[in-house]
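**Student:** Structure in structure tokens, see below.
The values are calculated or read from the model by the stated rules, or taken from the named source; none is laboratory data. Not measured: the values here are computed from a predicted model. So basically every Cβ, Gly included, is an ideal-geometry build from the backbone, and we count neighbours across all protein chains shown.
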Amino acid sequence: MQLVHWIERLVPVDALVPEVYREWRPLVRDAMSFVISRMSTERLEAKITEQAQLPVGTSPEVRLTSLIRKMPGLQKLGQVLARNRHLDPALRRELLTLENGIRDVSFDEIRAVIESELGPLLADHGVQIEPGIFSEASVSAVVRFRYRDGNGVFKVLKPHIAGCFADDMRLLQELADYLSSDAPNYGLSGVNISETFADIRQLLEHEVKFDYERTNLAEATGIFNEVRGVRVPQIIPGLCTRTVTAMTEEAGIKATDLSELPPGTRRTIARRLAEALLVAPLFSPSEEALFHADPHAGNLLYDEARDTLVILDWALTGRLSRSQRRQFSMLLVMLMLRDVEGAASAIRSLGEDYGRVRETTSIFLSDIPMYRIPGSLDAIRLLDRLAFQGVHFPAELLMFRKSVFTLDGVLHDVAGSEVGLDEVLAGSMPDRWPSLPLGPSDWAAILSSASLYGTRLWLQLLSRY
Ligand SMILES: Nc1ncnc2c1ncn2[C@@H]1O[C@H](COP(=O)(O)OP(=O)(O)O)[C@@H](O)[C@H]1O
Ligand SMILES: [Mg+2]
């Protein structure tokens with residue numbers, strides 16, 4: 001316990017969390033003491049030695065970055081919060097610097113992993129690794145290389161992850177339980193503590209499965225071969241192992257840095273994003289449609305020379321079954337037709353039956369002005385509201401919901417309010433509607449609902465007065 005106090009003095013919460021966010025201080029303070037007191041002895045010893053070796057005047061920020069070194073769970077916590085749109089942009093920027101400050105490994109360590117994993121294959125392929133780490137996140141580090149056939153990158157699982165992963169997941173779970181039990185006392189709105197922790201665990205669990213990401217990439221290649229102006233990196237199969245993935249190096253500007261481009265180009269990029277990440281999975285011809293579940297701007301590049309959008313990082317994906325897409329399409333159409341009964345019936349097929357589905361749907365629809373046609377974001381918001389009320393939906397659908405929200409945020413950052421998801425979705429309908437996974441009985445339901453649309457609209461209008 002003495003040690004906990006010592007670390008708390010060295011890394012003072014009041015200095016770390018600025019005055020404007022003072023309501024966060026109790027949470028941060030409790031979380032820190034909890035984690036420190038529950039850490040394994042070996043890890044705690046290493047932390048103390050590190051802190052003791054830092055020069056006396058070291059700033060609290062640097063001390064914090066050092067405190068969470070080699071702790072993927074806590075690093076990810078910062079990252080997930082940094083992407084939470086309910087939080088203040090200034091706070092999100094602070095958290096992002098934490099993410100960009102991750103320095104757990106040296107280039108030599110990563111090179112050593114690549115050499116021991118690939119051995120003679122490196123010479124066989126004429127691989128020359130470029131010195132320096134290109135990018136580092138909580139679980140993996142990326143370095144660039146040249147080889148016989150061009151330029152590539154190695155995404156490498158950081159060597160300490162194997163040893164600390166289980167301990168970090170345990171700590172996260174305990175921290176989540178501890179904080180949720182006290183959640184009302186922290187008075188934070190907009191952050192659902194147990195959901196945030198579930199997100200973190202899911203991200204980490206997927207990120208360590210390198211072979212899974214490669215399977216996803218191969219599948220995504222097949223999908224985007226059909227879509228003009230979109231591509232994904234190609235796996236270099238001869239240079240991959242369980243902890244090393246080799247793929248083609250893709251050139252481009254990060255979607256976070258597109259502000260220099262002319263507005264027209266940004267609108268095109270935004271439309272393509274919606275096409276690739278929402279429309280393509282919804283209208284997919286396959287039984288299980290793959291979707292990217294983490295489409296934040298850092299995972300998206302725009303290759304200006306080839307006028308192509310590049311989608312990176314396929315560690316976290318989900319799949320929507322044909323029946324889920326069918327019910328989701330029905331929900332969308334029924335919302336457009338303002339048919340409460342029809343929408344509620346689609347929702348019941350997507351999740352579970354629940355008394356308030358109809359009532360919630362009806363209130364939800366009546367809050368949308370009559371001049372505005374409800375769209376996919378509304379459908380997702382309605383599912384969100386029901387999930388919040390406790391209606392149970394399959395995990396994949398919840399992931400899809402999150403992915404659509406993220407995508408909506410990215411579109412907004414790229415093209416302002418000029419390109420919306422629903423505008424793109426509606427624009428692609430005329431070409432695509434035959435591939436909607438709807439059957440004859442669905443069309444019959446739609447036609448019968450549509451024939452009553454005028455009457456319903458009048459009744460709903462009248463009920464407002
Ligand atoms: N094929 C690639 N070509 C160019 N840059 C890449 C490639 N793969 C990854 N990167 C760079 O490395 C970063 C991290 O890779 P990513 O796959 O997103 O993993 P993670 O976010 O889990 O660390 C990317 O944001 C990008 O800057
Ligand atoms: Mg990434």
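**Student:** From the list GLU136, GLU207, GLU109, GLU174, pick out the single residue that is over 30 Å from ALA395 (Cα atoms) and either in the same structural domain as ILE235 (by TED's automatic domain parsing) or touching a residue at least 60 places away in the same chain (Cβ under 8 Å) (or both).
**Tutor:** GLU109
**Student:** Six or more apart or on different chains, Cβ under 9 Å: which pairs go from a residue in the stretch 437-455 that's farther than 23 Å from VAL279 by Cβ to one that's surrounded by 10 or more Cβ atoms within 10 Å (Cβ to Cβ) and basic (Lys, Arg)? Could you list them?
**Tutor:** The qualifying pairs are SER449/ARG456; TYR453/ARG338.
**Student:** Do you know which residues across the stretch 307-337 are of a type outside the set (S, T, N, Q), over 30 Å from LEU457 (Cβ atoms) and more than 16 Å from ligand 1 (Cβ to nearest atom)?
**Tutor:** If the condition is that a residue be of a type outside the set (S, T, N, Q), over 30 Å from LEU457 (Cβ atoms) and more than 16 Å from ligand 1 (Cβ to nearest atom), then ASP307, GLY318, ARG319, LEU320, ARG322 are the ones that fit.
**Student:** Cβ-Cβ distance below 7 Å, separation of 6 or more or different chains: which pairs start in the stretch 306-320 with a residue that is within 17 Å of GLY152 (Cα to Cα) and outside the structural domain of ARG242 (by TED's automatic domain parsing) and end on one that is among the polar types (S, T, N, Q) and not in a strand (DSSP E or B)?
**Tutor:** Listed by first residue and then by second, the contacts come to ILE311/ASN299; LEU312/ASN299; ASP313/ASN299; TRP314/ASN216.
**Student:** Give me a count of the residues in the stretch 2-38 that are in contact with a helix residue (DSSP H, G or I) (Cβ under 7 Å, 6 or more places away or on another chain) and either aromatic (Phe, Trp, Tyr) or in a loop (DSSP other than H, G, I, E, B) (or both).
**Tutor:** Looking only at that region, the number is 5.
**Student:** Same structure again: When the stretch 124-143 is examined, which residues are found to be surrounded by fewer than 18 Cβ atoms within 10 Å (Cβ to Cβ) and near ligand 1 (Cβ under 7 Å from one of its atoms)?
**Tutor:** PHE134, SER135
**Student:** Please determine whether any residue of the stretch 239-257 is in contact with a helix residue (DSSP H, G or I) (Cβ under 6 Å, 6 or more places away or on another chain), surrounded by 22 or more Cβ atoms within 10 Å (Cβ to Cβ) and not in a helix (DSSP H, G or I).
**Tutor:** The answer is yes; a qualifying residue exists.
**Student:** Of the numbered conditions (1) more than 17 Å from the chain's Cα centre (by Cα); (2) without any contact (Cβ under 8 Å) to a residue 24 or more places away in the chain; (3) assigned to a helix (DSSP H, G or I); (4) closer than 17 Å to ALA270 by Cα, TRP433 fails exactly one; give the number of that condition.
**Tutor:** Only one criterion in (1) more than 17 Å from the chain's Cα centre (by Cα); (2) without any contact (Cβ under 8 Å) to a residue 24 or more places away in the chain; (3) assigned to a helix (DSSP H, G or I); (4) closer than 17 Å to ALA270 by Cα is unmet by TRP433, namely (4).
**Student:** Quick check on the stretch 138-155: of everything there that is in a loop (DSSP other than H, G, I, E, B) and within 16 Å of ligand 2 (Cβ to nearest atom), which residue is modelled with the lowest pLDDT?
**Tutor:** Going through the qualifying residues, I end up with SER138.
**Student:** Let me ask something else about it. Of all residues in the stretch 86-137, which are of a type in the set (Lys, Arg) and not in a loop (DSSP other than H, G, I, E, B)?
**Tutor:** Result: ARG92, ARG93, ARG111.
**Student:** Now, a different point. Within the stretch 270-285, can one find any residue that is within 16 Å of ligand 2 (Cβ to nearest atom) and surrounded by fewer than 19 Cβ atoms within 10 Å (Cβ to Cβ)?
**Tutor:** For the stretch 270-285, residues within 16 Å of ligand 2 (Cβ to nearest atom) and surrounded by fewer than 19 Cβ atoms within 10 Å (Cβ to Cβ): absent.
**Student:** Of all residues in the stretch 285-303 being at pLDDT 95 or above and farther than 26 Å from GLN202 by Cα, which is farthest from ligand 1 (Cβ to nearest atom)?
**Tutor:** Applying the filter and picking the extreme gives TYR302.
**Student:** Within the stretch 223-255, count every residue that is among the hydroxyl-bearing types (Ser, Thr, Tyr) and more than 10 Å from ligand 1 (Cβ to nearest atom).
**Tutor:** So the count comes out to 2.
**Student:** Could you count how many residues in the stretch 247-277 are touching a residue at least 60 places away in the same chain (Cβ under 8 Å), farther than 25 Å from ALA289 by Cα and of a type outside the set (Asp, Glu)?
**Tutor:** Final tally of qualifying residues: 5.
**Student:** Still on this structure, I have one more. Filtering the stretch 295-317 down to residues that are more than 16 Å from ligand 2 (Cβ to nearest atom) and part of a strand (DSSP E or B), which residue is surrounded by the fewest Cβ atoms within 10 Å (Cβ to Cβ)?
**Tutor:** Restricting to residues being more than 16 Å from ligand 2 (Cβ to nearest atom) and part of a strand (DSSP E or B), the top hit is ASP303.
**Student:** Would you mind stating whether ASP413 is farther than 19 Å from SER194 by Cα and out of contact with any strand residue (DSSP E or B) (no Cβ under 9 Å at 6 or more places or on another chain)?
**Tutor:** For ASP413, the condition - farther than 19 Å from SER194 by Cα and out of contact with any strand residue (DSSP E or B) (no Cβ under 9 Å at 6 or more places or on another chain) - is met.
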